[in-house]
Every structure is written in structure tokens, then in C-alpha cells.
Amino acid sequence: MKLNTLRSAYTDRMEFFGKLSPYELAKKYGTPLYIYNERILRERCRELMALSDHPGFAVNYSVKANANLALLRIIRSEGLIADSMSPGEVYVAMQAGFSAEQILYVCNNISGEEMRYPLERGILVSVDSLYQLEELGRVNRGGRAVVRFNPGIGAGHHKKVITAGAETKFGIGAADIPEMLEILSRYDMKLAGINQHIGSLFLDPQGYLDAVDVLLDLAREFLPDLELIDFGGGFGIPYQKYAGQERLDLKAMGREFDARIKAFARETGYAGRFLIESGRYISAECCLLLGAVHNTKNNGEKRFVGTDLGFNTLMRPVLYGSFHDIEVYREGAGPDEKLMSQSIVGNICESGDILAKDRELPEMQAGDLVAALDAGAYGYVMSSSYNQRLRPAEVLIDENGNDRLIRRRETLEDLLHLTPLDV
Ligand SMILES: Cc1ncc(COP(=O)(O)O)c(C=O)c1O
């Protein structure tokens, strides 16, 4: 549906809201509200699945990006498998129908006790230090292990999400291989797989492809036992859509990637799986976070737009300085060309509670609705009840344009559901 509103070119083009308008959805479910579009989610899954037609190729969805059960079920129905990194992520993935063989446990700094949770369910565990390998040996003697390597190449949109190279806590280096082999042999474990993850949100594939080469070279050392080679995730999306930011060229990347893995399989006779491990690319763009404008004010030269989108609902701007495109809906209004600089802020008691800083946007007023686009990855999963605000509800627009609740809004009672009332 084309909206008659202030700034909605992107959602208009995508027919994002299905049969209802954002006003109707806000009325029906309240705000703040996470809204997901099933068609876009499926498209993103299919684009990644098309990176290679090698029979061993699989797309491992990183549950950490978005763990909503309804989305996980859709992702599974598209033929993806799951990367979980905590018992909670294994639990939700299994509730969504992923089998043990379809889950890889890629963890960091956990206890041997915690390792038992995936192991008892038949799930392969990937460890990322020699100490953790030793721990795995103690609880999984005679079993299989996956080891995460640090290829020495990092990539990402912020230093907090670069997860390879000299500065990070993740993975073991090539110099650790002799000791790794010694630990494996002492516990009679088989090295079933190797993996890496160089960081999050790349739009130029070259760093990733270089790291693919590094991991494939390394893999040669561990044949023929190896069953899986996992190159990690980090596939970026264009957060600056209104500025015309280019998409990652997945077709070109796929050609390079596919050629590399096929050449490797041909040369070595490797018959195992090749995985990528993507979260953001799959779940970010199918979602926006809808909020209400309650108030506007000028502090000297600065104009603030006060909304219910506190950073308890979407942490990324505060955590990483991340940019989310903003749309503005006002029923009956025409697209407004008169832009002005405004900062969109939330209702949390911190001066850092800024969703979008100094943006050129149509002049907003109380009663408008605002949407932060591309909120489906590291959005709801990082939300909190800080200031005892309630976590938002989540709604899915299905492929026929119909809406349905896929997680209810928290209630005041939920805030105390872990606390005995006579405490
Ligand atoms: C080990 C591992 N794999 C995959 C991912 C998914 O990354 P992205 O959502 O950028 O694809 C992450 C993200 O932190 C990760 O740590």
C-alpha cells in the first residue's frame, strides 16, 4: 500500500506493511513495535543459499541476531541450519525444529558443564582456545571437536565487532596447532571441523574471500578427517538506504566463493560441508521498529523529537554509534520536502538515549509515527527492561500481507515474574 505520508519511500517500495497501514498496526498492537516482513526474510535466505550450488554448501543462521521462534521456523523452512552459542540459543533453535545435526555450537569462554548441554543433545561444539579444547576433552573424551581459528584478518563496522586479527579474544592461531593436535590426541578426539568469523558487517567481499583462502589452506593440514569448514558470517547490509548505499554484490561474491570451494573439493577429494554463518544479512532488513512521537522541543539551536523508542528497545545506536534510516508517518500528509535537523530521542533517563542524531528529516510533531529501519538483527535480542520499561511486541506481516503477533508485549507482571513477591 502506498502511504500518503511524510517519509515512507522505502516501505512503500517494499510494500512492507501488507494490508494494514502503520497507523492501523500501531492502533492494533501499540508502540514500540517490532514489525517483520516474511517475504523480505525469505528473499534474504534465498540470496545466501544461492551463493553456491556445491552439495556440501550450507547457510548457518546465527541465532544471536534474532531468536524469535516464528522467524527461526521460516528460516528453517528455507533450508538453512543454525549456529547457536548458548544453551538458550540451542533451546529455541530446537523448539523451532532444527535437529542436532542442523546446529553448530560456536561458543566462547564457557564451562565444561555448559558444554554438556549441546553434547548431550548430539550437537557438535566449536571451541576457540586451547584451554577450552582441554575442557572439551575432559567432557567429551573420544568424541569430535571443532576448533575456531583466527586467520589474522579482521573486518567489521566497529572495533567492537571485529573478531579476528591481533586485537581480539577469539580463535587460536597457526602457532597453536602442535599443541592443539597434542590435546586432541591426549583425549582421543577427532578434529571434525574448523571455523572462523572475521567480523561483522562487510560490504566489500575481498577481506572475507581472503580469509576463505586462509582457512582452506589450513584445512589441507587436517584432511581427511575434516567434516566441516565454516567460514563465518559478517555479510553486511546497506543501513543508509535513503542515501543510496550500495548492496553487497552477492552474485559476484558467490562466483568467487563457489569457485574457491569447488576447486578445493576437486583438488583434495574433500566430501564434507562448507558453511557460512550469517546473522545480520538474513534478519536485519525484514524488520523495522515502529514508535510514537510524544513531544518535540527546541534547546537553543537543537531540535529534539521525543519518542517511545528508548535505547532499551534498540541498543545499536548507543552501543556502536550505528545508523538506522528513519521514516516518518503522518496520516493524510504529503511527502514533505522541507527538511530540518532533528535528533530523535527516547524515554530513558540518560542523555545518551539518542536513536538518530542531527538528521535532516521532515519537521515532526506529537502524534506522528517514526520507524527505525533494518532493526531485525541485534535489535529485539539486545532489548532490555531498563528503567522498568516493557520490551516491545513483535508482529509478522506474512506473505499474503496479513499481520499476526509473534511475541506479545511484556506486562508489568512480567517485570516481577522472577522475583518472589514476599521477598
Ligand atoms: C561466531 C560468529 N558467527 C557468526 C556471527 C554472525 O555475524 P553477522 O550477524 O554479522 O553475520 C557472529 C556475530 O557476532 C559470530 O560471533
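Here are the numbers for this structure:
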| read-out | value |
| --- | --- |
| Farthest toward positive dipole pole in region 38-281 [+1 Lys/Arg, -1 Asp/Glu at C-beta], among Y91, L72, G152 | L72 |
| FRET efficiency, 1/(1 + (r/R0)^6) with R0 56 Å, evaluated for R266 and D414 via beta carbons | 0.55 |
| Nearest-20 debye value, region 287-423 charge dipole, Cβ charges on Lys, Arg, Asp, Glu | 280 debye |
| Size-normalised alpha-carbon gyration radius of region 38-281, reference 2.2 N^0.38 Å | 0.97 |
| Residues L69 and R121, FRET efficiency given R0 of 22 Å [Cβ-Cβ distance, rounded to 0.05] | 0.80 |
| Unit charges at the beta carbon, dipole of region 38-281: most positive-side option, P118, L223, G137 | P118 |
| Check: region 13-105 dipole with +1 on Lys, Arg Cβ and -1 on Asp, Glu Cβ, in debye | 420 debye |
| Least to most buried among I123, I177 (fewest other Cβ within 10 Å first) | I177, I123 |
| Order of C286, C45 under a 10 Å beta carbon neighbour criterion, fewest first | C45, C286 |
| Net charge dipole size for the chain [Lys, Arg +1 and Asp, Glu -1 on Cβ; Debye, nearest 20] | 640 debye |
| Rg to Rh quotient for region 275-418, alpha carbon positions, Kirkwood Rh | 0.98 |
| Quotient of Cα Rg and 2.2 N^0.38 Å for the chain, N being how many residues it contains | 1.04 |
| Convex hull of Cα atoms in region 184-307, direction-averaged projection (nm²) | 12.6 nm² |
| Listed residue pairs exceeding 22 Å between alpha carbons, taken from K302/K338; K28/K302; K302/K357; K241/K357; K28/K338 | K28/K302; K28/K338 |
| 222 nm mean residue ellipticity, helices alone, for the chain (DSSP H n ≥ 4; -39,500 (n - 2.57); rounded to 500) | -8000 deg cm²/dmol |
| Dipole of region 38-281 [Lys/Arg +1, Asp/Glu -1 at C-beta], most positive-end residue of Q196, G56, I177 | G56 |
| E113/H294 FRET efficiency (R0 45 Å; Cβ-Cβ; nearest 0.05) | 0.45 |
| Dimensionless Rg over Rh [region 345-404; C-alpha; Kirkwood] | 1.00 |
| Inter-label distance for A174 and D422, nm, one decimal - labels placed 7 Å from Cα along Cα-to-Cβ | 6.6 nm |
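Only the coordinates and a few stated rules stand behind these numbers; no lab work does. These numbers were taken from a predicted model, which means no experiment stands behind them. Quick reminder, even Gly has a Cβ in these numbers, built from the backbone with ideal geometry, and neighbours come from all protein chains shown.
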